[in-house]
Structures are given as C-alpha cells and as structure tokens.
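Every number here is computed from the coordinates shown, using simple stated rules; none is lab data. Note that the structure is a prediction, hence the values are computed from the model and not measured. Ideal geometry is used to build each Cβ from the backbone, glycine not excepted, and the neighbour counts take in all protein chains shown.
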Amino acid sequence: MMKRALRLGVNIDHVATIRNARGGPDPDPVRAAKLAANAGADGITAHLREDRRHITDTDITRLASEIDLPLNLEMAATDEMLEIALRHKPHAACLVPEKREERTTEGGLDVAGGFDRLKPFVAALGDAGSRVSLFIEPDPAQLDAALAIGAPVVELHTGSYANLQGAARDAELRRLRDAAAYCDEIGLECHAGHGLTFDNVVPVAAIPQVVELNIGHFLIGEAIFGGLDSTIKRMRALMDKARAEVQGEQSA
Ligand code: PXP
C-alpha cells in the first residue's frame, strides 16, 4: 500500500459513550474499529479514563487482540493505567492530563511542570515497546520538556484552535504551525488532535511536519447522518487533499 504522508487515527471512545447510555453491548466500539480500518484509518485510538465513562477494560482487551491496526492507548499517568498499558503493550501510548469532572481532555499535559513525576511513566512505556506521545499545548517550553523527558512523539492539542474564531483562531493556527516546525527542528515526531471536523481540519492537515491526526467525537457524531464508512472516507479525502496541495507547493 502507498505510504501516506498523513495518518488518521480514529478515536472510537464515543461509540462506547452511546453504548454505555443503555448498559448493553450495542453499539460495539470494536465493530466500529474494524469498520474504520476498512474505511482507511491508519490506527485506532481509545482513551481508557479513570472513571470508565466510555471505553472499558474489556474494550481495551478486545481492541488489542481483535484489530489489525496499531492501537493508540490514551491514558493518564497513573499507576493503574501504567499497569494496564504494560499488560497490553499497545503500539502507542499517549499520556494525557485527566480530571474527573471534565467533559473532555481540557488543555495539554504540563510536561515542564510535572517533569519528575512523568519521567518514570515515559521510561516504563518506552521500555515496554510502546511509542510514547505526550498530549501538549503548542508551546515551545512544553516541546523542550517533551524532548528532555525522552518522549519520541508529541500530539499538539488543537482544541483551542477548534473552539476559536476569526483572528484568534488564526493566531492559534500560527502557534500550531510554529510548534510543528520546532518539533522538526529538535527531532520530535509531531501529531495533532482534538475538536477536528470537516470544517476545520484542512489548515491543520496542511501543516507539513504533522504526520498523524487523531479524530473522534466529530466522526462518530457525523456518522449518525452519513454513516461511519463514508464519514471516515470524507475526512481522509480532506486530509489527503490538504497534504497533496502543500507537497505540491513545496516541490513547485
Ligand atoms: N487526541 C487526544 C490526546 C484526545 O484526548 C482526544 C479526545 O479523546 C482526541 C485526540 C480526539 O478528540 P476529538 O474526540 O475531539 O476528535
């Protein structure tokens, strides 16, 4: 298969949110993961939250054994989550900040401020063979800290970009672009995600140093109207077009 310049990780958490609303087995997030694989996803992302509000331990066990795509486990840096990650050894582990009362992951991980506490988690996950990424704000101080702590990958939080409008959004997009360029300079692999939709994905997909986007809530919600297969295919097409255009500009 042709190597893609920009990977799509499909986050299936909110299939589990809908399932858990009734407590039965449907809809099944593993079925969604398999469908996502056929629709063109490069990886599956799932966040096992401390309160298990969507993805459960059984989902992680099934995802690890039943899907062929790389699994990216989003997790808080806690002993419980580390034990689970070390048991499953996912392809990738993304450390995220987690507050019980938040509706979704608000803000990035403070790697600079939490350096000593986070360092053993990065080391243990890396030693187990998982590709460790840190979900951070597009802030050079956090990037420097990510490099110093030994993480090979960062995921830039696009939530502020997604929520802002007009000039404020443009300014946040510049921060994302600058951070991605800085990743390249210092040798960090750069991913991005949170709050991305058909309407706002193109400028982020066009950042040439970004090699992976992780997208969940919008895809699962939009699938109600368009079906998961065509929703993922449309997102893929938007990402590929944005990337092809930027590569065309660079080689012109
Ligand atoms: N990346 C990370 C690290 C996240 O925590 C999330 C949300 O779970 C996402 C990407 C996907 O965000 P969204 O569901 O808004 O697309």
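Values computed for the structure shown
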item: Estimated vicinal HN-Hα couplings, Hz - the stretch 193-202 in sequence order (Karplus 6.51, -1.76, 1.60; Gly, Pro = x); result: x, 3, x, 7, 9, 4, 6, 10, 6, 4
item: With eigenvalues of the C-alpha gyration tensor scaled by 5 and rooted, the stretch 1-137, Å; result: 23, 19, 14
item: Burial order of peptide ranges 54-64, 85-95 (average beta-carbon count within 10 Å, highest first); result: 85-95, 54-64
item: 29 Å Cα-Cα reach of K99 towards lysines, excluding residues that sit fewer than 8 places from it in its own chain; result: K89, K119
item: Distant-in-sequence amide H partners of A93 (H built 1.01 Å from N, under 5 Å); result: L73, R131, V132, S133
item: Ranked packing of 113-123, 192-202, most packed first, by mean Cβ within 10 Å; result: 192-202, 113-123
item: Against the rule of thumb 2.2 N^0.38 Å, how large the Cα Rg of the stretch 162-242 comes out; result: 1.15
item: Projected area, mean over directions - the chain, Cα convex hull, nm²; result: 13.5
item: Convex hull volume of the stretch 151-207 per residue (C-alpha atoms, cubic angstrom); result: 68
item: Residue-by-residue Karplus 3J(HN,Hα) for the stretch 64-75, coefficients 6.51, -1.76, 1.60, Hz, glycine and proline x; result: 5, 9, 9, 10, 8, 7, x, 9, 10, 8, 8, 8
item: Rg and Dmax of the stretch 77-126, Cα atoms only, in Å; result: 11.5, 29
item: Mean separation of Cα contacts under 8 Å (6+ apart) over length of the stretch 106-251, as relative contact order %; result: 18
item: Environment charge at A128 (Cβ cut-off 10 Å; Lys +1, Arg +1, Asp -1, Glu -1); result: +1
item: Translational diffusion coefficient (Stokes-Einstein; Kirkwood radius from C-alpha pairs) of the stretch 58-187 at 4 °C, 1.567 mPa s, in µm²/s; result: 84
item: Peptide ranges 69-80, 236-247 listed from the most packed, as the mean C-beta count within 10 angstrom indicates; result: 69-80, 236-247
item: Unmatched cysteines, the chain - criterion: no other Cβ of a Cys under 4.7 angstrom; result: C94
item: Label-point separation, Q250 to D229 (7 Å along Cα→Cβ), nm; result: 3.3
item: Sequence-distant residues sharing a close amide H with H54 (under 5 Å, placed H); result: R49
item: Principal axis box of the stretch 108-169, alpha-carbon based, largest edge first, Å; result: 43, 21, 14
item: Within the chain, helix-based [θ] at 222 nm, where runs of 4 or more DSSP H residues each add -39,500 (n - 2.57), nearest 500; result: -15500 deg cm²/dmol
item: The stretch 27-178, relative contact order [Cα under 8 Å, separation at least 6], %; result: 16
